[in-house]
Amino acid sequence: MTLTELRYIVTLAQEQHFGRAAERCFVSQPTLSIAVKKLESELGIALFERSKSRVQATPLGEKIITQAQLVLEQTAAIKEIANEGKDQLSSPLHVGAIFTIGPFLFPHFIPELQKLAVNMPLYVEEGYTATLRQRLRNGEVDVIIVALPFTEPDVVTQALYDEPFVVLMPFDHPLAAQDCIDPADLDGHQVLLLGDGHCFRDQVLEACPNLQPSLEKRSKSRSSSQGSSLDTLRHMVASGLGITILPMSAAASHYSADILVTRPFIDPVPQRTVALAWRASFPRHKAIDQLRKAINQCHLGPND
């Protein structure tokens, strides 16, 4: 039994598909399949039920996979302890960010961080909150940038800044005549949102609960009202398919003012709190400090 084999079965349990699991583990599908079968043979039990469409852990397999997850977490902690005596700003820092933050924050803070920690290699990635949560626990990323609330055992969170939401619309839309938008003003308009699985969608619906009934009605009529990314939503608005709600950092676009305009909400303005999250056992506090400082120097907060 090896740590690699444990990593394979944990990833396979998450993906429920040999191909996707192999891709995440950077190995071929036969390599991963052989390793899983070898571990099952060593343990004398079947860890997974296999079908043409999916792979699912057996009841006993689930218990073993849970324990394997703990072993991997403790292994990551051992590596972190070993790194305590090293230069905290010379080892690579792996940073993850949710899809609705990463594309708009990375270009700003990366140059700043490279100035503050010139010898620290930086790796960045984007993902859903649930995916980044798991990768953080596995030690596959060191710190993630998410929207609060975010709770996870043995994980520290620290708020960075609050970011208001704005309404993006065509320049000639009826609501463009208003200086500020009341959430109730959105009733009766085609509001485009991200699809299920994006936490920003949930935050918008929490801030504007009046949108939920109309979304459900459009869903039943199969009317398109969802985008796969904030950039896609922006293009959909520019194409005249409706209006949308975006975080302020995502509202800027390459479209001119005679195509798209934004309007703020009335008080209390809907907003999200962007935060850092890292394992409590992560020993490189100086790296976290420099990352926080680089983001703060981007001036992306609400007072800009």
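Here, each number is a calculation from the coordinates, and none is a lab measurement. Remember, predicted model here, so these are calculated numbers, not experimental data. Please note: Cβ atoms are built from the backbone with ideal geometry, for glycine as well, and neighbour counts cover all protein chains shown.
Over the C-alpha trace of the range 163-271, radius of gyration and Dmax come out as 12.6, 35 angstrom.
Between A68, A46, A250, the Gaussian network model of the chain with springs among Cα atoms under 10 angstrom shows the greatest mean-square fluctuation at A46.
Each of E206, E5, E163 has some number of other Cβ atoms within 10 Å of its Cβ, and from fewest to most they run E206, E5, E163.
Using the Cβ-Cβ distance between F171 and I81 with R0 set to 35 Å, the FRET efficiency works out to roughly 0.05.
Counting lysine pairs in the chain whose alpha carbons fall under 21 angstrom apart, excluding pairs fewer than 8 residues apart on the same chain, gives 9. Sparse packing (at most 11 other Cβ atoms within 10 Å of the Cβ) combined with a DSSP loop state is found for the following chymotrypsin sites (Phe, Trp or Tyr not before Pro) in the range 17-68: F26. Computed from the C-alpha gyration tensor, the three semi-axes of the ellipsoid equivalent to the range 1-59 are 15, 14, 9 Å, from longest to shortest. Our estimate of slack between Q114 and S28, defined as 0.36 nm per intervening residue step minus the Cα-Cα distance, is 27.5 nm. Could you give the longest part of the chain that holds none of the trypsin sites (Lys or Arg not before Pro) found in DSSP loops with at most 13 neighbouring Cβ atoms within 10 Å? In short, 87-221. Once C-alpha pairs closer than 8 Å and six or more residues apart are averaged by separation and normalised to the residue number of the range 163-271, the relative contact order reads 53 percent. Hey, of (1) 35, 60, 5; (2) 33, 57, 9, 0; (3) 28, 49, 22, 1, which did the structure itself give for P(r) over Cα pairs in 20 Å bins from 0, in percent when calculated? After the calculation, the listed value that fits is (3). Put a plus charge on the Cβ of each Lys and Arg, a minus charge on the Cβ of each Asp and Glu, and nothing anywhere else: the dipole of the chain about its Cα centre is then about 980 debye. Considering only H173, H189, H254, give the residue with the highest GNM mean-square fluctuation for the chain, with springs between Cα atoms whenever their separation is below 10 Å. The residue with the greatest mean-square fluctuation here is H254. Can you compute the helix-only [θ] at 222 nm over the chain? Use -39500 (n - 2.57) per DSSP H run of at least 4 residues, normalise by all residues, nearest 500 deg cm²/dmol. Rounded to the nearest 500, the figure is -13000 deg cm²/dmol. Ordering Q290, V95, Q271 by the projection of their Cα atoms onto the charge dipole of the chain, which places +1 on the Cβ of Lys and Arg and -1 on the Cβ of Asp and Glu, puts V95 at the extreme positive end. In this simple spin-label approximation, D231 and S91 carry label points 7 Å from Cα along the Cα→Cβ vector, and these lie 3.3 nm apart.
Bridge orientation summary for the chain: considering DSSP beta bridges with both residues in this region, about 65 percent are antiparallel. Under the membrane-span-like helix rule (DSSP H runs whose alpha carbons stretch at least 27 Å along the helix axis, mean Kyte-Doolittle hydropathy -0.5 or higher), the chain yields 59-82.
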